[in-house]
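Structure first, commentary second.
Taken together, the values in this text are just the output of simple stated rules run on the coordinates, not laboratory data. Small disclaimer: the values here were computed from a predicted structure and weren't measured. Glycine also receives a Cβ, built like all others from the backbone with ideal geometry; neighbour counts cover every protein chain displayed.
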Amino acid sequence: MAGHRGLVGSAIWRELQRQGFTRLIGRTHAELDLLDAARRHGVEKLLFLGSSCIYPKLAPQPIREESLLTGPLEPTNRPYALAKIAGIEMCHAYNRQYGTKYMAAMPTNLYGPNDNYDLATSHVLPALLRKAHEARNRGDAELVVWGSGMPRREFLYVDDLADACVHLMERDYDGPLVNIGCGQDVTIRELAETVMDVVGCKAKITFDTSKPDGTPRKLLDVSRLAALGWRARTALREGIAQAYAAAPFYS
């Protein structure tokens with residue numbers, strides 16, 4: 001497994017162990033270069049994980065898999081999105097040419113154990129968790145959140161993603177692109193309020209509207225995955241509490 005120490009990889013590793021799998025192989029990039037190895041070494045089944053940023057910035061909501069390549073991307077995410085789109089197309093090409101079962105799945109925004117909490121590079125939910133924790137400890141009267149608080153985002157607990165990935169692999173799914181999400185979204189304001197409640201931070205939330213909001217809404221249509229027999233199990237507040245308890249700064 002590549003990336004087995006990160007947010008997603010470690011969750012998939014935990015899920016495989018939970019389900020009783022024992023023949024697991026994990027290597028760091030320094031130990032094993034997997035960038036040009038799978039097909040040449042006879043790997044018949046592979047799971048490629050993309051990102052919801054592959055979809056057009058103004059795609060109809062909820063975003064269906066068919067929205068891929070139907071409009072301009074969010075400019076700030078475009079290089080990353082294009083790399084993911086190339087991976088999706090590569091999977092499809094290998095399946096057509098070599099008969100492999102390389103599947104592509106697109107997760108929504110993820111959070112949970114082993115997340116990145118660096119305030120300079122982290123995503124919105126882990127950043128809010130750390131900021132709320134530090135504000136509580138300092139006794140701050142105010143906590144500033146970037147943007148207006150109005151954009152809507154979907155969040156999936158990473159252990160639910162891992163369960164979905166194993167679900168797809170066990171069913172030999174080799175069909176088209178499939179979204180992985182919970183099918184529900186919240187405003188950034190609602191997210192911030194939930195995080196503050198979980199952390200126990202009493203500071204007043206204020207919004208810095210000089211900072212960009214980004215895409216107004218990003219909610220995945222998960223009906224294709226539901227038809228394959230899978231749904232998310234972890235409610236947002238429950239997942240945030242579990243993520244906070246696992247955070248390196250938790251006390």
Straight-line reach check, Lys131, cutoff 16 Å on alpha carbons, 8 or more apart in-chain or any other chain, hits among aspartates and glutamates -> Asp115, Asp118, Asp140, Glu142, Glu190, Glu193, Asp197, Asp208
The answer for Leu46, listing residues at least 5 apart or on another chain whose modeled amide H is closer than 5 Å to its amide H, is Lys101, Tyr102, Met103
Ranked on Cβ counts within 10 Å of their own Cβ, fewest leading, Leu69, Leu35 go Leu35, Leu69
Which residues qualify? For Leu110, with a placed amide H closer than 5 Å and at least 5 residues away or on another chain, they are Leu156
Computed about the Cα centre, the charge dipole of segment 177-247 from +1 Lys/Arg and -1 Asp/Glu charges at the Cβ has a magnitude in debye, to the nearest 20, of 80 debye
Per-residue ellipticity at 222 nm attributable to helices in the chain (runs of n ≥ 4 DSSP H, -39500 (n - 2.57) apiece, nearest 500 deg cm²/dmol) works out to -11000 deg cm²/dmol
Around Ala37 (Cβ within 15 Å, Cβ-to-Cβ, excluding Ala37; K/R +1, D/E -1) the net charge comes to 0
Cα-based Debye curve of the chain sampled at q = 0.08, 0.17 Å⁻¹ gives log₁₀ I(q)/I(0) of -0.33, -1.41
A correct Karplus calculation of ³J(HN,Hα) over segment 143-152, with 6.51 cos²θ - 1.76 cosθ + 1.60, θ = phi - 60°, whole Hz and x for Gly and Pro, returns 10, 9, 10, 5, x, 8, x, 8, x, 10
The residues Arg153, Arg78, sorted from fewest to most surrounding Cβ atoms within 10 Å, come out as Arg78, Arg153
Once amide hydrogens are built 1.01 Å from N within the peptide plane, the residues lying 5 or more places from Asn179 or on another chain with amide H under 5 Å from its amide H are Met106, Leu225
quick note, the chain, DSSP beta bridge pairs, % antiparallel (nearest 5) is 10 percent
For Lys57, counting only lysines whose alpha-carbon sits under 20 Å away and dropping same-chain residues fewer than eight positions off, the answer is Lys84, Lys211, Lys218
Charge tally for neighbours of Asp174 with beta carbon under 12 Å away, counting Lys, Arg as +1 and Asp, Glu as -1, is +2
Quick note, segment 1-123: a/c under 1.5 would make it rounded; otherwise a/b > b/c is prolate and the rest oblate (a ≥ b ≥ c, C-alpha gyration tensor); here it is oblate
